[in-house]
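Here is the structure we will look at.
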Amino acid sequence: MFDFVHENKKWVQIVLAVIILPFAFWGIDSYRKSGGGEALATVNGEKIYQQEFDNALRQQQGRMREMMGDKFDPAIFDKPEVKHSVLENLTGQHLLTMQARAAGLTVSDEQLAQVIAGIEAFQKDGKFDKQRYESVLRSQNMSPLIFEARVQQELGMRQLTDGYSNNGYASNTIADNLIRLNEQQRVVSTAQVTAESFLKQITVDAAAVKAYYEKNDTEFLTPEQARVEYVVLSAEALLTQVAVDETEVKKYYEEHQPEFGTQEQRQAAHILITVAAKASDTDKQAAKAKAEQILQQVKQSPGKFAELAKQYSQDPGSAANGGDLGLFGHGMMVKPFDDAVFQLKTGEISGLVQSDFGFHIIKLLAIKPAKVRALDEVKSEIEQKLKLQKAGDKFAELAEKFSNVVYEQSDTLKPAAELAKAPLQQSAWLNKTQPEIAPWTDKALQAVFSKEVLKDKRNSTAVEVAPNTLLAVRLLEYKPASTRALAEVSDAIRQKLVHQQALELAVKQGKATLEQLKRGEKPNLEWKPGQTMTRSQPSTQSDLMRQVFQADKTKLPAYIGVENTQGGYLIARVDEVKDATTVDESKRARYVQEIRKLVGDELLQAYVADARKNADISIKPFAAEEKK
């Protein structure tokens, strides 16, 4: 509990880049109602409007773009099922916020202030700066009221969800059993009855080839193809058209100092004797007396601070590490603790410090001073950033003109190429199902094979194929879909039929051989040397692994067989089973932690499912579909 504010400050910093999007908040009543129009969904009477949905969609696009980089295709968010998923997720967020409010789970204004004050984006010289705070929010078209309400609601909701996800139960017995199962070793030898050994026995005549061709004609379809000329307008290409001077670089450096440095950080250790803030005076005095006794021992033997922390500290998060809390900046800890730490000198030990968590004895271990990189070190970074900004601005300025020129002069792409100062390029043959290779995303291929391009012989509309990248195409050549001739594919069909029949013979022979082995006979097989398998090891042969560990270990050797669609039939012999004899304490702790997390996640999912079942939620049919 001591780390509540510290941990949540980190969490807010992580999500800050995601939630600071223009009006990208669903948690503020005044914002929700500003959407107007017909609601897309309701949750217990609370409405979700188009504007809130659009911003949630943009938010998700931003996350996906960060994760996938150049592979991100914005066209995926045009799909109705994806939009429906985003809208459904919004209803879940509304519902959890309501549940948190109903349970009285809130974050006080004081705790909220500590969290926000610890965010580096809002600091100047390592301290919270109100003007910078308001300036950053204003640059994102957001008021402090909206931001603070959003963060407060998110933290409140996390208290609800963490109450379930962080409280899964796992006994040592369950962990021990799982360890023994996962680490049980089985020594396995294998032998293969190969399809290749039956190939010479197979003959396929022309009639069989023809029959297969006629029955599976769709297998030999060649999709429609098109070759196009195209022009691309992109912010990246516009970089060569913008310039940045020394004055701009220096101004940016002076106005964005926090970007180029770190605030002072301190590393401290503490011994905590816990007592609740609302505890009785008797309990508080008892805790204080105990803390004073420990303080006397610390003063007598300062070098044994870590040893005493392990012995007496009641902070489970740090006691095992000798009380070490690691590095942290100003404002990241509760105020009494923070004030005390930043008054100490390296190696100095405090007196008793009282906070809402109890009584602390603090030792300052190290100071990492604030550091700002020199202008010369970051000059090239700033130049690139400013060029990207200018190129982005220029792209925004040209994008509408580009789209208009492509549409208005639909019989040629030359004016669009001149506007973009980009070359006209020609594609190779394209089809609808080809792998995505830039710039031929799914959305770009939709444009290539659109009616306006293929039938009307006009330019396509300008489509976004990547962030800040527009593409327009025009048809050069077209080949309709067709079926390849029998003569062209007969050899491939014959080889396929031969392999299928050889595989069938191999499987039949393999199953017969397996039965011989189970009867105690010894057929002629080439066994590979035994290999050790465990349930936890990765394997490309899941069927084999499953049967190996289902084999009766009381009757060895045990024989199993699995079909191998490529090679024939695989026979495995389980020769030995080695059970784990001891359980390492650290391993047991890791397993317990993982099981608790899994159980906790299941508890949370069950809670959410039950809450949805008892809630009045309605989603407008096809509300997330792209508007035509």
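Only one of ALA492, ALA506, ALA512, ALA472 is small (Gly, Ala, Ser) and in contact with an Asp or Glu (Cβ under 9 Å, 6 or more places away or on another chain). Can you tell me which? Full working, then the answer.
Working: ALA492 fails: in contact with an Asp or Glu (Cβ under 9 Å, 6 or more places away or on another chain); ALA512 fails: in contact with an Asp or Glu (Cβ under 9 Å, 6 or more places away or on another chain); ALA472 fails: in contact with an Asp or Glu (Cβ under 9 Å, 6 or more places away or on another chain).
Only one candidate passes the filter, namely ALA506.
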### Task
Kindly provide the set of residues from the stretch 226-236 that are at pLDDT 95 or above and either exposed (fewer than 14 other Cβ atoms within 10 Å of the Cβ) or not aliphatic (A, V, I, L, M) (or both), ordered by number.
ARG227, GLU229, TYR230
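Does ASN182 satisfy the condition of being part of a helix (DSSP H, G or I) and at pLDDT 80 or above? Can you show your working first?
Values: part of a helix (DSSP H, G or I): yes; at pLDDT 80 or above: yes.
So ASN182 passes the test.
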### Message
If LYS457 satisfies all but one of (1) of a type outside the set (Gly, Ala, Ser); (2) touching a strand residue (DSSP E or B) at 6+ places or on another chain (Cβ under 9 Å); (3) outside the structural domain of SER427 (by TED's automatic domain parsing); (4) surrounded by fewer than 20 Cβ atoms within 10 Å (Cβ to Cβ), what's the number of the condition it fails?
### Response
(3)
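Kindly provide the set of residues from the stretch 470-486 that are surrounded by fewer than 20 Cβ atoms within 10 Å (Cβ to Cβ) and either assigned to a strand (DSSP E or B) or not hydrophobic (A, V, I, L, M, F, W, C) (or both), ordered by number. Don't jump to the end; show me each part of the working.
Going residue by residue through the stretch 470-486, those that are surrounded by fewer than 20 Cβ atoms within 10 Å (Cβ to Cβ) are 476-486.
Correct list: LEU476, GLU477, TYR478, LYS479, PRO480, SER482, THR483, ARG484.
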### Summary
When the stretch 305-338 is checked residue by residue, the ones that are under 37 Å from the mean Cα position of the chain (by Cα), farther than 21 Å from ALA589 by Cβ and part of a helix (DSSP H, G or I) are LYS335, PRO336, PHE337, ASP338
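I'd like the full set of residues that are of a type outside the set (D, E, K, R) and either free of Cβ contacts under 8 Å to residues at least 24 places away in the same chain or crowded, with 17+ Cβ neighbours inside 10 Å (or both), limited to the stretch 355-366. Walk me through how you get there before you give the answer.
Initial filter on the stretch 355-366 (of a type outside the set (D, E, K, R)): 355, 357-362, 364-366.
Within the stretch 355-366, SER355, PHE357, GLY358, PHE359, HIS360, ILE361, ILE362, LEU364, LEU365 meet the criteria.
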### Message
Checking the condition among the basic types (Lys, Arg), in contact with a strand residue (DSSP E or B) (Cβ under 7 Å, 6 or more places away or on another chain) and closer than 25 Å to PHE328 by Cβ, which residue from ARG186, ARG158, ARG132 passes?
### Response
ARG132
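When the stretch 369-409 is examined, which residues are found to be outside any helix (DSSP H, G or I) and either among the hydrophobic types (A, V, I, L, M, F, W, C) or modelled with pLDDT under 90 (or both)? Before the answer, list the steps.
Residues of the stretch 369-409 outside any helix (DSSP H, G or I): 369-374, 409.
Result: PRO369, ALA370, LYS371, VAL372, ARG373, ALA374.
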### Query
Given the structure, is LEU505 crowded, with 17+ Cβ neighbours inside 10 Å and either in contact with a Leu (Cβ under 8 Å, 6 or more places away or on another chain) or at pLDDT 90 or above (or both)?
yes
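The values are calculated or read from the model by the stated rules, or taken from the named source; none is laboratory data. From a predicted model like this one, the values you see are computed outputs, not experimental measurements. So basically every Cβ, Gly included, is an ideal-geometry build from the backbone, and we count neighbours across all protein chains shown.
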